[in-house]
């Protein structure tokens, strides 16, 4: 049974949600403080590296895979991993998913500043790595929950939401997704590594294919955290509500998420134009913090409006079915 279109309220507008998100952040500009401070910490703060811990394993790659790949491929893989661990900063793990503080420097991994090279220290044992990793993960979850809570209050203009409940459910949600990612991603990354040793080109193709598949699978659960901050749902209910919402609004919601992605990634090229040793990078940090926070605010507004619209649609459908039966 279909509802007559004339009886339906208009669905939430995509552009209107984006405009409302930018307006809400512009009117409460202090909400960008957390991403700005986070990027400044990653830029000027100490860097925690894993080079001492991982370099022996990378040096042993030719011996471990001598029968599986040519020396050229092994040297290429070794060089890629060596370059990565040289730049990698474990503190970038403070940018947690799906709830976390937006950041420009977690992708750029700067090694210099206008004041020179930042202080670095290394981990040399598995126990030290696990300790630091757990501390960074917990801090990332906590600060991410605070950031989402703050942005949701600014975007949805409500007061009195319990921060403690939001944080506790965010931790549950993060543990759920961390478990799912560990079970699903670890075997895939191991496969990509082995394929890359056989053929670097084939490895890149598989990586792109897996990335596209992951983006498609992430669409239904993109809003899994929004229900916690918008409707005070528990973590499992928030995931189910995200699946339900996207199921009934996929074309429009997919287009909305595509708009968020294009705006975010398109402007990222602008924010990263200055080199890391230039003070102009501050402009990029401020611009990225404003835009990413505004896009997050827009997603909260869109999520709330779509759920309210679906509630009206389902209620009209229920009334119509009851009228037909009578």
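Here are the numbers for the structure shown:
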| quantity | calculated |
| --- | --- |
| Given (1) surrounded by 15 or more Cβ atoms within 10 Å (Cβ to Cβ); (2) without any contact (Cβ under 8 Å) to a residue 12 or more places away in the chain, index of the condition residue 319 fails | (1) |
| Test: residue in the stretch 27-50 that is surrounded by 16 or more Cβ atoms within 10 Å (Cβ to Cβ), more than 25 Å from the chain's Cα centre (by Cα) and either at pLDDT 90 or above or assigned to a loop (DSSP other than H, G, I, E, B) (or both) | no |
| Within the stretch 273-305, considering residues that are free of Cβ contacts under 8 Å to residues at least 40 places away in the same chain and outside any loop (DSSP other than H, G, I, E, B), the one surrounded by the most Cβ atoms within 10 Å (Cβ to Cβ) | 291 |
| Test: residue in the stretch 186-193 that is at pLDDT 85 or above and surrounded by 14 or more Cβ atoms within 10 Å (Cβ to Cβ) | no |
| Residue check for residue 92: buried (at least 17 other Cβ atoms within 10 Å of the Cβ), assigned to a helix (DSSP H, G or I) and at pLDDT 85 or above | yes |
| Criterion violated by residue 221 - all others in (1) farther than 30 Å from residue 142 by Cβ; (2) surrounded by 14 or more Cβ atoms within 10 Å (Cβ to Cβ); (3) touching a residue at least 40 places away in the same chain (Cβ under 8 Å); (4) touching a helix residue (DSSP H, G or I) at 6+ places or on another chain (Cβ under 7 Å) satisfied | (1) |
| Tally, over the stretch 235-253, of residues that are closer than 10 Å to residue 169 by Cα and either surrounded by 15 or more Cβ atoms within 10 Å (Cβ to Cβ) or at pLDDT below 90 (or both) | 2 |
| Test: residue in the stretch 107-118 that is modelled with pLDDT of 85 or more, in contact with a strand residue (DSSP E or B) (Cβ under 7 Å, 6 or more places away or on another chain) and more than 30 Å from residue 151 (Cα to Cα) | yes |
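The values are calculated or read from the model by the stated rules, or taken from the named source; none is laboratory data. Keep in mind it's a predicted model, so treat the numbers as computed, not measured. Positions of Cβ are backbone-derived with ideal geometry, glycine not excepted, and every protein chain shown enters the neighbour counts.
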